[in-house]
Amino acid sequence: MGLEHVVAAALRAEGIDVTVGSRLPWLTVRGHLDSVVQRHAPAVLLDALSALHKKLGGDSTVLAAKRAGTVRPDLVVVGTGQVIEVDEVQHFTTAREVSLDRYPAGVHLGFSLDDYRLLVRRHRSEADRAFAHNCSADFDFPGGRQAQRAYNDALRDLLAPTFTGHAVVRVAVPTRVCAPAVKSCMGFIVR
């Protein structure tokens, strides 16, 4: 059982009903190039995601050509549709720091950007070793899987407010200790 199930149980104990792995029509393998996203997301976010994808070494031609498919969020709050992501150590890479540093000013987040930057600095050595040899279709180089994860995290963070009306809540569990992480994110959850 993944940590998202542990976090879901902790949230339910706090009175927050969540589902695990719901499909969201705007969250697909085509990222910012998906037709739904292209039609509805503000240009400033599309531009930021395009620049970020390129900065991380992504191939937009490959991204656009991916077969249709969804990318599931970890958790979704029942009733509000707010996305909650459970971030283990592999989410605190140098690539993630690159993405965080390129968020547009004023973007609505359900976590502290400064705290996340601190967590990256604290855990990047271990995180950069995780999946260091793996690549992905649109990030076809060693470490490409880390770049893809950073892009996908940014995709959720930047697009969720447009499509759900709420910021993504990030539960940081790089050490796999869930209880204090759940407590620290409660103020960001919309009930």
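Charge dipole (Cα centre; +1 on Lys/Arg Cβ, -1 on Asp/Glu Cβ; no other charges) of the chain amounts to roughly 140 debye. In this label model, T175 and V62 are separated by 3.6 nm, measuring between points 7 Å along each Cα→Cβ vector. In the chain, the convex hull through the Cα atoms has an average projected area of 9.9 nm², a quarter of its surface area. Over the chain, dividing the summed -39,500 (n - 2.57) contributions of all DSSP H runs of at least 4 residues by the number of residues returns a 222 nm mean residue ellipticity of -14000 deg cm²/dmol. Identify the GluC sites (Glu not before Pro) of the stretch 1-110 meeting these criteria: DSSP loop state and at most 16 other C-beta atoms within 10 Å of the C-beta. Those satisfying the criteria are E14. Computed packing ranks the peptides 22-31, 144-153 as 144-153, 22-31, most packed first, by mean other Cβ atoms within 10 Å. Restriction of the trypsin sites (Lys or Arg not before Pro) in the stretch 67-131 to DSSP coil positions whose beta-carbon has at most 16 other beta-carbons within 10 angstrom yields R67, R102. Per residue, the convex hull spanned by the alpha carbons of the stretch 121-190 comes to 105 Å³.
Here the spin labels are modelled as points 7 Å beyond Cα on the Cα-Cβ line, and at Q38 and T80 they lie 3.3 nm apart. For R129, the shell of other residues with beta-carbons less than 15 Å away shows a net charge of +2, using +1 for Lys and Arg and -1 for Asp and Glu.
Other residues whose C-beta falls under 11 angstrom from the C-beta of E14 contribute a net charge of +2, scoring Lys and Arg +1 and Asp and Glu -1.
Between T70 and R117, the simple spin-label model (points 7 angstrom out along Cα→Cβ) gives 3.5 nm. For the pair T19 and V190 in one chain, pulling the backbone fully straight at 0.36 nm per residue adds 60.1 nm over the alpha carbon distance. Legend: ranking of residues D59, D138 from fewest to most surrounding C-beta atoms inside 10 Å; resulting order D59, D138.
Bear in mind that the values in this text are calculations on the coordinates, not laboratory data. Just so it is clear, the structure is predicted and the values come from calculations on it, not from any experiment. With ideal geometry, Cβ positions are generated from the backbone for all residues, glycine too; neighbour counts draw on all protein chains shown.
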